[in-house]
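Taking it in order: structure first as structure tokens, then the write-up.
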Amino acid sequence: MSREAGRHRIGGPVVRVEPRRWDLAKQAAACQVDQMEPAWFVMYGVGIRRFVAIAVWNAPSPLRVEAATVEELRDLMREAELGPLAGLDRAWAWVA
């Protein structure tokens, strides 16, 4: 049984494929959060389809959080900033 040559087969015709940009709105949202959060590097991973934030301050160990939405990511960033204090009673008031 013989198969026809396809686009990804040796000997197949060369077809020009236009590059495509994926998830532009989510990439733009990540860029906006990145500008608003100077202590974090924020990006949208097209391959994993998730928002990722990496701490850029001197943390005791590498700090990375990821989420499906920007809102969830920002919540996780706030919790990570509190570190061990995040598990304490939420009645604490923090003043900068």
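The values are calculated or read from the model by the stated rules, or taken from the named source; none is laboratory data. Just so it is clear, the model here is predicted, and its values are computed rather than measured. Reconstructed Cβ throughout: ideal geometry from the backbone, glycine too, with neighbour counts over all protein chains shown. Heads up: the accessible areas ignore ligands, DNA and RNA and are worked out on the full protein's heavy atoms, side chains in. Shrake-Rupley method; radii C 1.70, N 1.55, O 1.52, S 1.80 Å.
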Which members of segment 9-32 meet the condition of being surrounded by 10 or more Cβ atoms within 10 Å (Cβ to Cβ) and either of a type outside the set (A, V, I, L, M, F, W, C) or in contact with a Leu (Cβ under 7 Å, 6 or more places away or on another chain) (or both)? ARG9, GLY12, ASP23, LYS26, GLN27, GLN32
Hits in segment 14-35 (condition: in contact with a helix residue (DSSP H, G or I) (Cβ under 9 Å, 6 or more places away or on another chain) and modelled with pLDDT of 95 or more): LYS26, ALA29, ALA30, GLN32, VAL33
Within segment 36-77, restricting to residues that are open to solvent by 90 Å² or more (accessible area, probe 1.4 Å) and in a helix (DSSP H, G or I), the one that is farthest from LYS26 (Cα to Cα) is ASP75
